[in-house]
Amino acid sequence: MASTPSSSSSSGGARKRRGHRVTRRAALGMMAGGAAAGVVGAKVGLKSSSGGELAAVANTLGLNGPQAEAALKTFLPGAKYDEYFMMSSGGHSGQVFVIGVPSMRLLKVIPVFTPESWQGYGFGTDQGNVVLTEGSDPTKSNPLTWGDTHHPALSETAGDYDGRWLYINDRANGRIGMIDLRDFKTKQILDVPNIQTSHGGCFITPNSEYVHISSMTPAVVATKGYTYTPLSQYKDKFRGYSTWLSIDPKTGRFDMAKSFQIELPPYTQDLADAGKLTSFGLGFINSYNTEMATGGDMPGGPGPLEATATKNDYDFLHIIDWQKAEQVAKTGKTVTLNGMNVIPLDVAASEGILHFAPEPRNPHGVDVSPTGDYICVAGKLDPNATVFSTEKIKAAIANQDYQGKDPFGVPILTFDSVVEAQVELGAGPLHTQFGPDGHAYTSLFVDSAVAHWRLGEKAGVPADQAFKLVEKLPVQYNIGHLVTAEGDTVNPDGKYLVALNKWSIDRFPPLGPLHPQNFQLVDISGTKMQIMKDMPIGNGEPHYVQMVHRDKLKNVLSVYPPGTDPMTFKASPFATVAGKERVETSGRDVHVYMTAMRSHYTPDQIDVKVGDTLHLHITNIEQTPDATHGFAIPQYNIEASIDPGEVVNIDLPLNREGNFAMYCTEFCSALHLEMQGWLNVSPN
Ligand code: K7E
Ligand code: CUA
């Protein structure tokens with residue numbers, strides 16, 4: 001892969017950095033002698049080190065100078081913290097990963113759509129069970145137990161991450177999860193009405209007014225969920241929905257009374273993004289399969305979906321005026337469908353809520369630039385990034401500058417009137433992220449490369465450099481999304497880029513035929529992009545990731561206040577203090593108010609009968625950070641994790657007699673192994 005020589009005038013030193021932020025060098029607290037120019041330089045300075053061993057180590061590993069330098073820059077000794085955190089989707093693991101940058105260490109797995117036993121999520125305790133069950137409508141009795149997380153969205157204030165909440169969609173089942181960043185636990189899963197799948201989300205509006213999630217594959221919606229319809233009626237009966245979920249500003253939960261949907265034609269709605277600053281109030285959704293193909297690749301059929309869905313030269317960028325929609329949603333022009341306030345397609349078209357702009361065939365990513373002036377669309381089957389202008393879109397809408405209407409009556413803006421530039425980047429462009437000063441970075445799936453290019457004058461780029469490719473960096477291999485530090489906010493930091501590669505082939509030793517994905521950390525602070533580190537992702541297949549500065553996560557709890565219900569952050573009515581432990585029986589319901597502390601449960605014997613329902617209310621009465629206790633009941637599929645100050649509730653119908661040795665699963669103390677008790681279930 002040939003790299004284009006850099007023509008950028010930017011340099012790490014010239015880029016603006018926020019005053020309050022530590023530079024990477026200071027954060028590392030090392031490299032006192034200055035960045036080493038090469039391996040030999042690596043042993044310079046550092047009197048306190050054991051002396052000139054660094055060059056020998058580098059030689060043994062065969063590291064060149066930049067590699068040795070990258071190794072030092074990404075090493076963090078204990079008790080030194082990463083400057084950034086990546087909130088990574090976990091793909092079909094159904095989880096979210098938290099990864100430190102630049103160390104590329106996995107710091108946490110947050111279970112969202114999939115049970116996770118370490119954290120006792122989905123194994124009998126209230127948090128996981130309640131959230132998973134509530135999010136499984138209409139099959140609450142048989143909860144969905146996995147999801148396909150794709151696009152995390154951190155809450156924002158004035159277009160910048162504010163560290164309060166994180167949302168993530170389930171691409172498979174059209175659901176959305178909400179994580180509170182005080183304790184990094186999932187608080188709510190919503191099975192979004194009327195959408196079976198989701199891809200256009202999550203994205204969040206600049207003041208967290210709404211989190212958006214739209215369907216991917218259109219479906220037939222009936223008043224009671226979904227209904228069977230022959231695919232021959234695809235055009236007439238199948239529909240997509242753009243969903244605007246109102247966020248409760250106090251709790252981060254979804255306020256359904258203020259939420260609404262916009263009905264969309266049966267195209268495949270793909271990625272989406274929210275306008276910001278100059279484009280505030282607009283939302284953008286890509287689409288493909290405007291051909292409305294439904295497959296049929298056996299003899300006599302119309303042909304495979306991927307062939308029929310790529311016939312048109314243009315698909316439609318959906319431009320949604322959500323402020324206008326918000327007003328129309330309050331009128332009588334809407335319908336209620338499965339509890340959701342829905343703006344019908346014809347109303348959306350006639351009220352000026354929905355416009356289309358042609359976009360080169362089968363695009364994938366749509367990304368709004370930091371100032372909001374440019375909307376960058378990358379087309380899988382087109383080598384260009386197509387850059388739309390917010391100003392031109394607004395003018396075209398105002399002037400009704402249409403080149404026609406789609407079959408559903410939605411006006412199509414004239415392509416040449418709304419496009420600002422097309423920048424040839426390479427094969428298979430997918431997603432774009434941003435740095436300061438109009439720097440843009442686009443993933444090239446087919447090329448296996450990152451393309452660095454510049455936006456236009458509205459982003460502060462000199463005219464002679466505007467909309468030009470700067471450099472391409474080969475990555476290993478087949479990059480999907482990419483992320484830059486705070487690169488989808490109004491205030492991107494630059495500094496780091498991570499390539500989220502789908503294939504790793506030879507980068508790691510084979511451990512069976514299923515290979516990990518490969519995250520590659522790239523230094524973008526200098527004039528040339530430089531790969532610093534590979535990180536295998538041995539769980540799920542991440543799609544999008546956001547990278548947030550550590551300073552933004554200012555509300556994180558280290559312990560809960562005593563007796564906290566983590567679902568409400570309020571005192572739990574079931575909290576127990578030392579000395580007040582008790583058993584209360586009412587009919588066949590046995591309530592045990594238990595405490596846990598190093599190294600015992602009180603009570604440690606529970607005597608019940610087959611047919612009783614056991615209600616365990618366990619309070620971890622410790623306030624020492626990290627003094628988490630587990631609680632497992634063998635053979636009953638119960639596993640809890642109880643953090644200091646937390647109250648966990650378990651409802652357990654007892655259907656089997658025996659003496660069950662309940663125990664603490666977290667190695668909490670010298671007498672951890674002694675932290676056990678007996679659940680004695682006698683015959684009825
Ligand atoms: Cu994988 Cu954002 Cu779902 Cu592109 S999407 S890679
Ligand atoms: Cu408590 Cu181990």
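Asp248 versus Leu671, label points 7 Å from Cα toward the beta carbon: distance in nm?
About 4.2 nm, to one decimal.
Starting from the Cα-Cα distance between Ala571 and Thr414, subtract it from 0.36 nm times their residue separation and give me the gain in nm to one decimal.
50.7 nm
What does the accessible area of Asp313 come to, in Å² to the nearest 10, when a probe of 1.4 Å is used?
In the full protein context, Asp313 sits at about 100 Å².
Given a 1.4 angstrom probe, what's the average accessible area per residue across the chain, in square angstrom?
Working: 27070 Å² over 684 residues.
That works out to 40 Å² per residue.
Which entries of Lys276/Lys392; Lys185/Lys554; Lys80/Lys502; Lys224/Lys405 have Cα-Cα distances beyond 21 Å here? Don't skip to the end; give the middle numbers.
Working: Lys276/Lys392 16 Å; Lys185/Lys554 16 Å; Lys80/Lys502 30 Å; Lys224/Lys405 32 Å.
Violating the 21 Å Cα-Cα cut-off are Lys80/Lys502; Lys224/Lys405.
Once you have the Cα-Cα distance between Asn684 and Ser586, take 0.36 nm times their residue separation minus that, and quote the gain in nm to one decimal.
33.7 nm
Under a Cβ-Cβ cut-off of 12 Å, what is the net charge of the residues other than Phe445 that fall near it, where Lys and Arg count +1 and Asp and Glu count -1? Walk me through the intermediate numbers first.
On the way: positive: Lys380, Lys502; negative: Asp447.
Net charge around Phe445: +1.
Students often get this wrong: which residues of the range 280-320 have the backbone nitrogen under 16 Å from the point 7 angstrom along Cα-to-C-beta of Gln422?
Within reach of a label on Gln422, which here means backbone N under 16 Å from a point 7 Å along Cα→Cβ, the range 280-320 contributes 312-317.
In vacuo Debye scattering of the chain, one point per C-alpha: log10 I(q)/I(0) at q = 0.05, 0.09, 0.10, 0.11 Å⁻¹?
Cα-only, vacuum Debye calculation for the chain: -0.27, -0.83, -1.00, -1.15.
Around Met594, under 13 Å between beta carbons, what's the net of Lys plus Arg minus Asp minus Glu among the other residues? Intermediate results must be reported in sequence, preceding the final value.
Working: positive: Lys580, Arg582; negative: Glu581, Glu584, Asp604, Glu646.
Net local charge, Met594 excluded: -2.
Sorted from largest down, give the three principal axis spans of the alpha carbons of the range 189-288, whole angstrom values.
43, 28, 17
Would you mind checking which residues have amide H under 5 Å from Arg171's amide H? H placed 1.01 Å from N; only 5 or more apart, or other chain.
Asp148, Thr149, His150
With each run of n ≥ 4 DSSP H residues scored as -39500 (n - 2.57), what mean residue ellipticity at 222 nm is computed for the chain after dividing by its residue count and rounding to the nearest 500 deg cm²/dmol?
On the way: 10 runs with 66 residues, N = 684.
Computed mean residue ellipticity for the chain: -2500 deg cm²/dmol.
Between Gln623 and Trp146, what FRET efficiency follows from the Cβ-Cβ distance if R0 is 35 Å, with the result rounded to 0.05?
Details: r = 36 Å, r/R0 = 1.02.
E between Gln623 and Trp146, to the nearest 0.05, is 0.45.
Give me the lysines in straight-line cross-link reach of Lys468: C-alpha distance below 16 Å, same-chain residues under 8 apart excluded.
Leaving aside lysines fewer than 8 places away in the same chain, those within reach of Lys468 are Lys458, Lys528.
Could you calculate the contour length gain from Met256 to Leu511, that is, 0.36 nm times the residue separation minus the distance between their Cα atoms, to one decimal place in nm? Intermediate values should be presented prior to the final figure.
Numbers: separation 255, 0.36 × 255 = 91.80 nm, distance 4.62 nm.
Once the chain is fully extended between Met256 and Leu511, it gains 87.2 nm.
For an R0 of 51 angstrom, estimate the FRET efficiency from the Cβ-Cβ distance between Lys468 and Tyr234 and round to the nearest 0.05.
Working: r = 42 Å, r/R0 = 0.83.
The calculated FRET efficiency here is 0.75.
What is the distance, in nm, between label points placed 7 Å from the Cα along the Cα-to-Cβ direction at Asp604 and at Leu305?
5.8
How large a share of the accessible area of the chain, in percent, is made up of carbon and sulfur atoms when the probe is 1.4 Å and the other protein chains stay in place? Working shown, then result.
On the way: 14680 of 27070 Å².
The computed percentage sits at 54.
As a quick test, which of the pairs Lys108/Lys570; Lys237/Lys333; Lys108/Lys580 have an alpha carbon distance above 27 angstrom in this structure?
Working: Lys108/Lys570 24 Å; Lys237/Lys333 20 Å; Lys108/Lys580 34 Å.
Long pairs (Cα-Cα over 27 Å): Lys108/Lys580.
Under a 1.4 angstrom probe, counting protein chains only, how are Lys235, Lys224 ranked by accessible area, largest first?
On the way: Lys235 95, Lys224 180 Å².
Largest to smallest exposure gives the sequence Lys224, Lys235.
Quote the accessible area belonging to Lys468 in square angstrom, nearest 10, computed with a 1.4 Å probe and with ligands, DNA and RNA left uncounted.
Accessible surface of Lys468 is approximately 100 Å².
Return the FRET efficiency for the residue pair Thr227, Glu351: r is the Cβ-Cβ distance, R0 is 30 Å, and the value is rounded to the nearest 0.05.
Rounded to the nearest 0.05, the efficiency is 0.60.
Counting Lys and Arg as +1 and Asp and Glu as -1, what is the net charge of the other residues whose Cβ lies under 15 Å from the Cβ of Asp236?
Its environment carries a net charge of 0.
Taking square-rooted eigenvalues a ≥ b ≥ c of the alpha carbon gyration tensor, is the range 75-195 rounded, prolate or oblate, where a/c under 1.5 means rounded and, failing that, a/b exceeding b/c means prolate? Can you show the working numbers first?
Working: a/c = 2.18, a/b = 1.61, b/c = 1.35.
Taking the square roots of the gyration eigenvalues as a ≥ b ≥ c, the range 75-195 is prolate.
The values are calculated or read from the model by the stated rules, or taken from the named source; none is laboratory data. Since this is a predicted model, take the numbers as computed values, not measurements. With ideal geometry, Cβ positions are generated from the backbone for all residues, glycine too; neighbour counts draw on all protein chains shown. When the accessible area is computed, the model is the full protein with side chains, heavy atoms only, and any ligands, DNA or RNA have been set aside. Shrake-Rupley method; radii C 1.70, N 1.55, O 1.52, S 1.80 Å.
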